[in-house]
Amino acid sequence: MNRSLVGIEQGLAIVGVDSMRQQTETSVELLFDSFLQSASVGIRSGTLGLRQMLYRADPYQIDLHLEADRAHNRLIVTGQLLDVSHPEMACPSVQVMLSNLRGNAVNTATNQFGEFRGEVENSGDLELSFLGHGGIRIVILLRGPLEQSSRT
């Protein structure tokens, strides 16, 4: 299976690299998605509008937390970027771009712990991207990031 297109049937597509920037390719792998985990009935209703995901794009691990601000039609994205090849060091000052793929983009940067936060208008789509080692652009594309899969 092509790991660059993981879980498309659950409403998300993941794109590994902008190949126009560099010929080297990397794959992005979904390791965990809270929407794909079974939850008890009481818990499921309490977590609507929240989603936790963990991705791997060697040598990075990207922890994402998505939350809907329905009153303002915003998507709040909180995350942490770790370089697992150097676990003793965080990934500070990495520029992260969040886009709703409808012309609204927000640039943010990781802090000294590799954490970042941004809010973007909720269009139903989300693209997160950053430059990795050697100028490789890593892109995670989510279609319907807060829509529950039909499996849960």
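Taken over the stretch 101-113, residues that are in a strand (DSSP E or B) and not small (G, A, S) amount to 3. Residues of the stretch 114-152 that are at pLDDT 95 or above and assigned to a loop (DSSP other than H, G, I, E, B): G114 alone.
For the stretch 90-105, which positions are buried (at least 16 other Cβ atoms within 10 Å of the Cβ) and either touching a Pro at 6+ places or on another chain (Cβ under 9 Å) or closer than 14 Å to L128 by Cα (or both)? Spell out how you get there, then give the answer.
Of all residues in the stretch 90-105, those buried (at least 16 other Cβ atoms within 10 Å of the Cβ) come to 90-91, 94, 96-100.
Selection gives V94, V96, M97, L98, S99, N100.
Here S123, S129 are screened, and the one residue that is among the hydroxyl-bearing types (S, T, Y) and under 18 Å from M53 (Cα atoms) is S129.
Checking each residue in the stretch 46-89 for being among the small types (G, A, S) and loosely packed, with under 12 Cβ neighbours inside 10 Å picks out G46, A71, S85.
If you go through the stretch 77-100 and pick out every residue that is part of a strand (DSSP E or B) and either closer than 27 Å to L146 by Cα or out of contact with any Gly (no Cβ under 7 Å at 6 or more places or on another chain) (or both), you end up with 12.
The values are calculated or read from the model by the stated rules, or taken from the named source; none is laboratory data. All figures in this text were calculated on a predicted structure; none of them were measured in a lab. Don't worry about glycine lacking a Cβ; one is built from the backbone with ideal geometry, like all the others, and counts go over all protein chains shown.
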